[in-house]
Amino acid sequence: MLGEGESIMAKRVLCIDDDPGMLMITAKGLERQGFAVTAAAGNDEALAHLERDPEAFDIVVQDSQRPLGKCLAEAGEPDDLHELSGVLFLRNHIWRLNPRLPCIFVTMTPRTFIFHEEPSLEGNPLFRYLMKPSASTELAAAVHEVLAEA
């Protein structure tokens with residue numbers, strides 16, 4: 001929950017997407033909405049940021065489909081799970097390092113597919129799902145909503 005006088009606009013966002021164009025669009029859109037954004041081009045880069053300081057971010061915005069990266073491959077995840085990479089990364093790394101860190105998926109992966117793989121996400125106040133493409137104002141509103149409930 002946000003404290004009295006705490007601005008949503010000062011919040012720190014870790015943005016993860018393996019598509020450089022989508023990463024830039026999402027990161028720049030959030031920056032234009034006043035957020036401080038750190039962009040990560042994949043799981044390994046994002047994990048390096050999180051391991052340096054698990055409390056450095058107020059929220060994660062990520063795509064659900066991307067290459068596993070070394071961090072998930074070394075954990076024994078099969079290569080054919082790239083469509084669930086974001087779910088695996090959330091479960092195995094983000095919430096292991098910071099169990100209260102909210103996450104928003106901005107993805108083309110069907111909602112039912114994500115909730116089937118990780119049923120605990122359904123109704124979880126720390127999680128939101130948006131379909132690509134989504135406007136930066138829609139994403140900013142979702143970030144605001146999740147942070148207000150976290």
Residues (under 24 Å from Gly42 (Cβ atoms), assigned to a helix (DSSP H, G or I) and at pLDDT below 90) located in the stretch 126-150: Ser136
Boolean, Gly86 is surrounded by fewer than 16 Cβ atoms within 10 Å (Cβ to Cβ), among the small types (Gly, Ala, Ser) and either modelled with pLDDT under 65 or under 19 Å from Val13 (Cα atoms) (or both): no
Pair list, Cβ < 7 Å and 6+ apart or interchain, from the stretch 129-150 residues that are over 11 Å from Ile104 (Cα atoms) to residues that are part of a strand (DSSP E or B) and among the hydrophobic types (A, V, I, L, M, F, W, C): Lys132/Val106; Ser134/Val106; Glu138/Leu130
Single condition Asp79 does not satisfy, out of (1) within 23 Å of Leu47 (Cβ to Cβ); (2) at pLDDT 90 or above: (2)
Residues of the stretch 41-62 satisfying the condition of being farther than 14 Å from Leu97 by Cβ, at pLDDT below 95 and either among the basic types (Lys, Arg) or crowded, with 22+ Cβ neighbours inside 10 Å (or both): Gln62
Count of residues meeting criterion [modelled with pLDDT under 85 and either buried (at least 22 other Cβ atoms within 10 Å of the Cβ) or small (Gly, Ala, Ser) (or both)] in the stretch 90-125: 1
Every residue from the stretch 100-128 that is touching a Phe, Trp or Tyr at 6+ places or on another chain (Cβ under 9 Å), hydrophobic (A, V, I, L, M, F, W, C) and free of Cβ contacts under 8 Å to residues at least 40 places away in the same chain: Phe115, Leu121, Leu126, Phe127
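The values are calculated or read from the model by the stated rules, or taken from the named source; none is laboratory data. Note that the structure is a prediction, hence the values are computed from the model and not measured. Using ideal geometry, Cβ is built from the backbone for each residue, glycine included, and neighbour counts are taken over all protein chains shown.
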